[in-house]
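Structure record follows, encoded as structure tokens.
The values are calculated or read from the model by the stated rules, or taken from the named source; none is laboratory data. From a predicted model like this one, the values you see are computed outputs, not experimental measurements. Neighbour counts are summed over all protein chains in view; Cβ atoms, including those assigned to glycine, are modelled from backbone coordinates with ideal geometry. Just the protein is used for accessible areas: all its heavy atoms, side chains included, with ligands, DNA and RNA removed. Shrake-Rupley method; radii C 1.70, N 1.55, O 1.52, S 1.80 Å.
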Amino acid sequence: HDVLADKAVALAALYNEALLVVESNTLESAGSCVGGDNSLTVIDRLRESYSNLYTRPVVDNLTGGMTTRIGFHTNRRTKSLLINTLIAAVRDGGYVERCDEACNELSTYIQHPNGSYAARDGCHDDILMTRAMALYVISTSAPAVAPASVPYPLPYL
């Protein structure tokens, strides 16, 4: 995870200090420490090496007040938000996918009778989820500086 985090930081820096959104599910677990000890987690490493990180509001269990955490936490509730944002963007013409692999994942993604979403058995959804997360973050975050020219309502990913 630490090598991947370093590469993500390098890419985000290369793209004009872009907002770096990482999925934090695994990184928040105890097993995500750098160097095999508890001295520096991957989240801490990201915080120390890059300033433009996506954060989300959370309730502080000790004080009951609000605080923030680095990264997007995917769970049943947030996954529905991501997928509904993706569906709306595609339906409304705000997003067009040009990657064949992503289109394949979109075509094999299903909603189960219980309302949950997943790739069909034997299929993948990693590319689809990155698109959905990016669209969600774009739709819920105010840009710091608007680009000079935006050809489409949402960027093509």
**OP:** Pop a pseudo-label 7 angstrom from the Cα along the beta-carbon direction at both Gln111 and Asn25 and give the gap in nm to one decimal.
**Re:** 2.0
Original post:
Mind listing the phi-derived Karplus ³J(HN,Hα) values for region 50-63, rounded to whole Hz, using 6.51, -1.76 and 1.60 with θ = phi - 60°, and x for any glycine or proline?
Top reply: 8, 9, 9, 9, 5, 10, 10, x, 9, 7, 6, 5, 7, 9
**OP:** At 1.4 Å probe size, with every protein chain present, just tell me what the per residue accessible area of region 82-124 comes to in Å².
**Re:** 62
**OP:** Give me the net charge of His73's neighbourhood, meaning all other residues with Cβ under 13 Å from the Cβ of His73; Lys, Arg count +1, Asp, Glu -1.
**Re:** +3
